[in-house]
Amino acid sequence: EAQVTQNPRYLITVTGKKLTVTCSQNMNHEYMSWYRQDPGLGLRQIYYSMNVEVTDKGDVPEGYKVSRKEKRNFPLILESPSPNQTSLYFCASSFGRTASSYEQYFGPGTRLTVT
Amino acid sequence: SQKIEQNSEALNIQEGKTATLTCNYTNYSPAYLQWYRQDPGRGPVFLLLIRENEKEKRKERLKVTFDTTLKQSLFHITASQPADSATYLCVSPGGNSGGYQKVTFGIGTKLQVIP
């Protein structure tokens, strides 16, 4: 089954404790992206990747890192989480190397709480 | 900066009626717009894409229009059903600094279909 998986689905952590949210897709997609969703603000793009070893900032990259060492994986790293990073996070992928006209496939989401 | 606006107010309609949702964009001219459906706590799911040179696109009970003069896209659900209740997102290529690598989401309109 074609899908995007994220782990963990739920995470409660404390300020400053490094964490990684994994994202994996099995559709051989070039483009992958991370979003955060907050009430009243909608989905905002954090980082995206157009191919292996090619990543760039979205609109809200501060406090996050990503890597794309393999085509299928695109982990999101929070080196020193803070309470303002409490949010619902989504990973997505699509065919093509840009945010082209191809549809994005979204993961199930990771609900992160930083205390 | 580029902006996508959706009426963030909830839209309540009676079952069987046509729901019409609005997406307005400012300060740029997207080559296409996409519409997604999102259920609470779940990732968005792609519904339709319309390009700037297309006036209208249909898929089953769904119809989307693109008016480049008004800078607006309308999303219609005909013969609405309670199962259509969800939040609908308008999406365009380009973030605050433009380009087709980024993606911008509207805040979404929550549709409630009343039996």
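Here, each number is a calculation from the coordinates, and none is a lab measurement. These figures come from a predicted structure and were not determined experimentally. Note: ideal-geometry Cβ built from the backbone for every residue, glycine included; neighbour counts use all protein chains shown.
Charge tally for A:Ser33 (other residues, Cβ to Cβ under 13 Å; Lys, Arg +1; Asp, Glu -1): +2. Along chain A, counting only trypsin sites (Lys or Arg not before Pro) with a DSSP assignment other than H, G, I, E or B and at most 13 other Cβ atoms inside a 10 Å radius, the longest segment between sites is A:19-68. Here r is the Cβ-Cβ distance between B:Glu56 and A:Asp38 and R0 is 30 Å; the resulting FRET efficiency, rounded to 0.05, is 0.35.
With the Kirkwood sum run over all distinct C-alpha pairs, region B:1-66 has a hydrodynamic radius of 13.7 Å. Springs between Cα atoms under 10 Å define the GNM used for chain A, and in it the highest mean-square fluctuation of A:Val54, A:Val66, A:Val21 occurs at A:Val54. Estimate the FRET efficiency between A:Asn7 and A:Asp59 by the formula 1/(1 + (r/R0)^6), using the beta-carbon distance for r and 22 Å for R0, to the nearest 0.05. Taking R0 as 22 Å, the efficiency between A:Asn7 and A:Asp59 is 0.35.
Quick check for you: which residues of region A:77-115 have the amide N under 12 Å from the point 7 Å beyond the Cα of A:Thr15 toward its beta carbon? Inside the label zone: A:81-85, A:114-115. Any chance you could check the Cα centroid distance between region A:70-93 and region A:1-67 for me, in angstrom? First find each Cα centre; the distance between them is then 4 Å. Structure remark: mean-square fluctuation, Gaussian network model of chain A, C-alpha springs under 10 Å; the largest value among A:Leu41, A:Leu76, A:Leu88 belongs to A:Leu41. With R₀ set to 30 Å, the beta-carbon distance separating A:Asn26 from B:Ala10 gives a calculated FRET efficiency near 0.25. Both radii come from the Cα set of the protein assembly as shown: Rg as radius of gyration, Rh as Kirkwood radius; their ratio Rg/Rh reads 0.97. Each principal axis of the Cα cloud of chain A was evaluated for its coordinate range; sorted largest first, these ranges are 38, 30, 28 Å. With a simple spin-label model that places each label point 7 Å from the Cα along the Cα-to-Cβ direction, the separation between B:Ala31 and A:Lys71 comes to 2.3 nm. Peptide A:38-48 is shielded by partner chain Cβ atoms: per residue, an average of 4 of them sit within 10 Å of its Cβ.
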